[in-house]
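The values are calculated or read from the model by the stated rules, or taken from the named source; none is laboratory data. What you are looking at is a predicted structure, and each value in this text was computed from that prediction instead of being measured. Cβ placement follows ideal geometry from the backbone for every residue including glycine, while neighbour counts extend to all protein chains displayed.
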Amino acid sequence: MDNSPDLFAAEQYSAVPVFTLSELNAAIKETLERAFPETLWVVAEISEIRCNAKGHCYLELAEREDEEAIAQIRANIWARTFRSIASRFEKATGESLKQGMKVLLQVNVTFHEIYGLSLNIKDIDPTYSLGEMARRKREVIERLTKEGLINLNKQISLPLVPQRISVISSSTAAGYGDFINHLDDNPYGYKIFHTLHQSLMQGQDAGSSIISALREVNRNRKRYDAVVIVRGGGSQIDLSCFDAYGLAAEVAKFPLPVITGIGHERDDTVVDIVAHTKLKTPTAVAEFLISTMTSFEERVIEAQTILMHRVKELIGNEDHRLQYLAQHFKHIVKDRFAGETKRIEIGLHKLIYGTIQIVDSHNNRLKFDKSRIAGGLNILFQQQENRITHCGQAIRLLDPANVLKRGYSITYLNEKAVKDGADLREGDIIRTRIYNGSIKSKVEAVDVEK
């Protein structure tokens, strides 16, 4: 291989300056330092942030348009400066510096011969971030209002005795412990059943973690009366997830009343705004649940007192009424009894008098009928007696013996009375009965009258 210098190339570039890479980078550095001798204020979004063990902070800054990055640069904050900036920023905004946050930075433009172009951050203005966060929060509230979600969860009725509570929190959070202790150790001895649905309560993944917990509760919603979201006892930073649309919409549309005790010291988060009931601390949430039960118990006791008083009043009124009715009934019965007794006496008198009249009338009628019957019988007997006498006379006149006395006779043929002369024949032996005897004779001739 020929490693000899290219004399033609050297001759070609001898007319223009040629830089080594280090010379070029040094020139760029010098140019930038002359162009940007002072610090600048720059608006950018933190697209990435990380800190090393020594406390130095390294960032990736970007500018976006329609969610697309149109500019990007590396930046750093040295440890001592970062501690000061982070402390002031968190105190002012309640948030830590994190990915996705839009910030106003005071920077020096630097160029390193090896690491290239970057920004050295000298300060961050928290007031800009506060305004940016307020703008985003306002946009989320406006969107929820436009979609009809802002008061949706508030329209769900909280049970009179919310005794079955789903708690979304972190088991290691002091706020959760305070909430449970206050709930379980209430001085009234109320038994409130609570189930923890574990979730991250701060950090970049807190929003999605809380949404997952809410959806798990929703799958078993018939087991619960309400959902409580509590955090507290620690830092007041990293609350931005509670201003995010996704979590706020999930809470707004949740089918159970949601009660928040997020512990924000300055103002309400969007989740607080859409929740059924918002309270400042987990302890306040526990107090609210207990007060709801005491309020219900007081209403029950009050209703019981009113009911007992009313029952006593009704019993008293009914007792007076019954006494009055008893007296009234007594008088009515007495008057009615006297009236009925009088009516019975009158009726009995009428009955006796009427009976006597009826008996007398019937006796008189019987006497009259008896007289009529006796008279009628006498006449009937006399008539019958006369008739019998007449019949006796007729019978006696018709007696054959009396007839024979008058000269009549009876002729017998074969001991049968002869009624018709045609019954006799010549030569017949006949017997003729007369009054005092009989004559036997023989028929010589028969003369029958036509």
Please go through (1) surrounded by 13 or more Cβ atoms within 10 Å (Cβ to Cβ); (2) closer than 30 Å to VAL42 by Cβ; (3) at pLDDT 90 or above for LEU130 and return the number of the only condition it doesn't satisfy. (3)
Would you point out the residue of the stretch 53-79, among those that are among the small types (Gly, Ala, Ser) and closer than 21 Å to GLN204 by Cβ, that is surrounded by the most Cβ atoms within 10 Å (Cβ to Cβ)? ALA75
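Give the stretch 80-94 a look and list any residue that's of a type outside the set (D, E, K, R), surrounded by 14 or more Cβ atoms within 10 Å (Cβ to Cβ) and more than 53 Å from the chain's Cα centre (by Cα), or say none.
Narrowing the stretch 80-94 to residues of a type outside the set (D, E, K, R): 81-82, 84-87, 89, 92-94.
When the remaining residues are screened for being surrounded by 14 or more Cβ atoms within 10 Å (Cβ to Cβ), the result is 81-82, 85-86, 89, 92-94.
The answer is THR81, PHE82, ILE85, ALA86.
On the given criteria, is ALA338 in a helix (DSSP H, G or I) and modelled with pLDDT of 80 or more? If you could, list the steps in order and put the result at the bottom.
Details: in a helix (DSSP H, G or I): yes; modelled with pLDDT of 80 or more: yes.
So ALA338 fits the description; yes.
When you look at GLY177, is it out of contact with any strand residue (DSSP E or B) (no Cβ under 8 Å at 6 or more places or on another chain) and over 21 Å from HIS276 (Cβ atoms), yes or no? Even if it seems obvious, please write down each step before you answer.
Working: out of contact with any strand residue (DSSP E or B) (no Cβ under 8 Å at 6 or more places or on another chain): yes; over 21 Å from HIS276 (Cβ atoms): yes.
Yes; evaluated as a whole, the condition is true for this residue.
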Per the filter on the stretch 34-61, residues of a type outside the set (Gly, Ala, Ser) and in a loop (DSSP other than H, G, I, E, B) are PHE36, PRO37, GLU38, THR39, ASN52, LYS54, HIS56
Could you please let me know if VAL311 is under 24 Å from ARG223 (Cβ atoms) and in a helix (DSSP H, G or I)? no
If we keep just the residues of the stretch 193-204 that are at pLDDT below 95 and among the hydrophobic types (A, V, I, L, M, F, W, C), which is nearest to GLU287 (Cα to Cα)? MET201
Do you know which of the residues in the stretch 152-185 that are loosely packed, with under 15 Cβ neighbours inside 10 Å and β-branched (Val, Ile, Thr) is farthest from PRO282 (Cα to Cα)? ILE156
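In the set LEU149, LEU97, LEU119, LEU104, which member is under 30 Å from LEU21 (Cα atoms) and either among the polar types (S, T, N, Q) or surrounded by 14 or more Cβ atoms within 10 Å (Cβ to Cβ) (or both)? Working first, answer last.
On the way: LEU149 fails: under 30 Å from LEU21 (Cα atoms); LEU97 fails: under 30 Å from LEU21 (Cα atoms); LEU104 fails: under 30 Å from LEU21 (Cα atoms).
Only one candidate passes the filter, namely LEU119.
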Within the stretch 90-122, residues more than 17 Å from ILE73 (Cβ to Cβ) and touching a Phe, Trp or Tyr at 6+ places or on another chain (Cβ under 9 Å) come out as GLU95, SER96
